[in-house]
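See below for the structure under consideration.
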Amino acid sequence: MLFHKMCLKKLKLSHMFFINSLVVFVAVSVTIFNYIYLTSNMIIDEEFHLPLGKLYCNFDFFVWDPKVTTLPGLYIVSSMIMGPLSLCTTYWLRFVSLVFSIINILLFYVLFDIYDKHEWGNIFSSLTLALLPPLYFFSHVYYTDVVSLTMVLLMMVASEKKCHYMGAIFGMAAIICRQTNIIWLLLISGKYALTEMYNCCSDKETLRRGIPVIEFITFLTETIKNPLNKLRKMTTTFWCNVMWYIAIMLIFLGFLIYNGGIVVGDKTAHVSTIHIPQLFYFSLFCLIFSWPHFVGEVSSFLAFSRKHKIGIIVVTLLGFLIVMFNTQVHPYLLADNRHYMFYIWNRFYQKYVLFKYAIVPVYIFAWYVIVKLLYDKDDITFLFFYLVCTTIVLVTQKLIEVRYFLIPYILFRLRLKSNANNAFNLVLEFVTYLLINRITLQLFFTKVITWNDYSEFQRIIW
């Protein structure tokens, strides 16, 4: 009885801490939000989003801007929340992003709790992830990123809770916010389907949450060679669940055929390509924003390199060749000095010829850690689909844009353990995010850029 009371007390303390932390997050974020609003009435892509958002908020759904590349999910959500309240100004449309950033904290916690039962660590990780600098900044402006992320997280929660029809519905909502979210629908549906097929066809009595490493290749090979043999054994429940996902995929296929591609507008500036170095830039993004989790793996990587010298040399040479022959530079990257990537590219990659080659070993180290941290010998399905889906999402993009990295990074970070063994890493990560947010916001508020095409000063953002 005493132990039971102590557990209840601990649970209440953790919940109180979470609630108080959310209150602080909201108070600080609203203050920053107001300051950003007073500083700038239009931030880069808001030039296209805000006019449409205001029209949709006033229930005018028959106007479109051909410069907008995404489907109108953000504007529809805005019309549902702010439309009935007649709050269709720039301030309240931006506020939609802030509201969903708070919802995301709760969804982060739910997913962390599914993957790892360390309650205090999960609370701290959820709050920290909400402060991820690029994501946190976009929580204060009228961009698609935050709402899009919310729909993906809802899709994942529904799938993990085995409510697959809701997973498909949220998947559809995610796609309407951003078309590339079809890939994350493929991830959750593929993982579910493959795992269920494995359990149904296995002679083991205990159902597994995934496919073990030692059996994965054999099972996948058998499935590819003779899929009908596996599929005819599946239950009605399986087919009912899978058909929800298949229906969304078929609808999306119809959209692709009708639209002539994945991009809605400004198609000439967003042509699909093969740009493998995007995977390198993403690994660097992960390394920078999760550096405390990576530093501890340096000795492990060095030992791995000594053991597999030939393999490391081959991979490094391959990396050099990819950088040499497949590095692509989008005109926007060179022309738009309102983004950090403009300065990073010009002051490092373009200024120093050898820099882009010298950093290849860093990419290799980063990918080694990403794979190692996601590796689970009892369930390799997530890692398999994660690598496939992340590759598809990133290598088809010519423009280097940190916003493309947000969802794959968050999916990676959600899988990292939050237990007491890495509590110090969590604190370092939290402090890092606070410092970077402080610096980037200070630059936004103090550094102005004059563009001849705009009467207002332009400012630097992610």
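For segment 179-270, the fraction of 1.4 Å probe accessible surface lying on carbon and sulfur atoms is 66 percent. For the chain, hydrophobic long helices are taken as DSSP H runs at least 24 Å long by C-alpha position along their axis with mean Kyte-Doolittle hydropathy of 1.0 or more; these are 2-39, 90-115, 182-201, 236-259, 309-326, 423-446.
Apolar share of the accessible surface for segment 352-432: 71 percent from carbon plus sulfur atoms, 1.4 Å probe.
For residue 54, the lysines whose Cα falls under 18 Å of its own Cα, not counting residues fewer than eight places away in the same chain, are 67. Sequence-distant contacts, meaning Cα pairs under 8 Å at least 6 residues apart, place the relative contact order of the chain at 20 percent.
A 1.4 Å probe run over the protein chains yields, for the chain, 49 Å² of accessible area per residue, whole-number rounding. In straight-distance terms, cross-link reach from residue 417 covers every one of the lysines whose alpha-carbon lies under 26 Å from its own, apart from those fewer than eight places away in the same chain; here that gives 9, 10, 12, 117, 161, 162, 191, 372, 377. Ligands, DNA and RNA left out, the 1.4 Å accessible surface of segment 1-111 is 75% carbon and sulfur atoms.
Summary of packing: across the peptides 292-304, 402-414, the per-residue average of other C-beta atoms within 10 Å ranks them, highest first, as 402-414, 292-304. Let me make sure I get this right: for the chain, a, b and c are the square roots of the gyration tensor eigenvalues over alpha carbons, sorted descending. Under 1.5 in a/c it's rounded, otherwise prolate if a/b > b/c, else oblate. Which is it? The shape class here is rounded. A simple count of charges around residue 188, restricted to other residues whose Cβ falls under 15 Å of its Cβ and scoring Lys, Arg +1 and Asp, Glu -1, yields +2. The stretch between residue 300 and residue 250 holds 13.6 nm of extra length on full extension. This uses 0.36 nm per residue minus the Cα-Cα distance. Per residue, the convex hull around the alpha carbon atoms of segment 78-133 comes to 86 Å³. Computed packing ranks the peptides 187-194, 259-266 as 187-194, 259-266, most packed first, by mean other Cβ atoms within 10 Å. Charge dipole of the chain (Cα centre as origin; +1 on each Lys and Arg Cβ, -1 on each Asp and Glu Cβ, all else neutral): 980 debye, rounded to the nearest 20. The mean sequence distance of close C-alpha pairs (under 8 Å, at least 6 residues apart), as a share of the length of segment 90-224, puts its relative contact order at 20 percent.
Per-residue ellipticity at 222 nm, computed for the chain from helices alone with -39500 (n - 2.57) per DSSP H run of at least four residues, works out to -22000 deg cm²/dmol. Summing +1 for each Lys or Arg and -1 for each Asp or Glu among the other residues whose beta-carbon sits under 11 angstrom from that of residue 160 gives +3. In the calculated pair distance distribution of segment 204-294, what percentage of Cα-Cα distances lie above 16 Å? For segment 204-294, the fraction of Cα-Cα distances above 16 Å is 78 percent.
Average projection, convex hull of the Cα set of segment 389-462: 7.2 square nanometres. Starting from the Cα of residue 442, step 7 Å along the direction of its Cβ; do the same at residue 325; then give the gap between the two resulting points in nm. Going by the 7 Å Cα→Cβ label model, 4.6 nm. Among the trypsin sites (Lys or Arg not before Pro) in segment 284-359, those located in a DSSP loop and surrounded by at most 11 other Cβ atoms within 10 Å of their own Cβ are 351. Legend: Rg and Dmax of segment 156-262, from Cα coordinates, 15.0, 48 Å. At an R0 of 35 angstrom, the distance between the Cβ atoms of residue 243 and residue 348 translates into a FRET efficiency of 0.10.
The values are calculated or read from the model by the stated rules, or taken from the named source; none is laboratory data. Because the structure is predicted, anything quoted here is derived from the model rather than measured. Ideal geometry is used to build each Cβ from the backbone, glycine not excepted, and the neighbour counts take in all protein chains shown. Accessible surface is based on the protein model in full, side chains and every heavy atom, while ligands, DNA and RNA are left aside. Shrake-Rupley method; radii C 1.70, N 1.55, O 1.52, S 1.80 Å.
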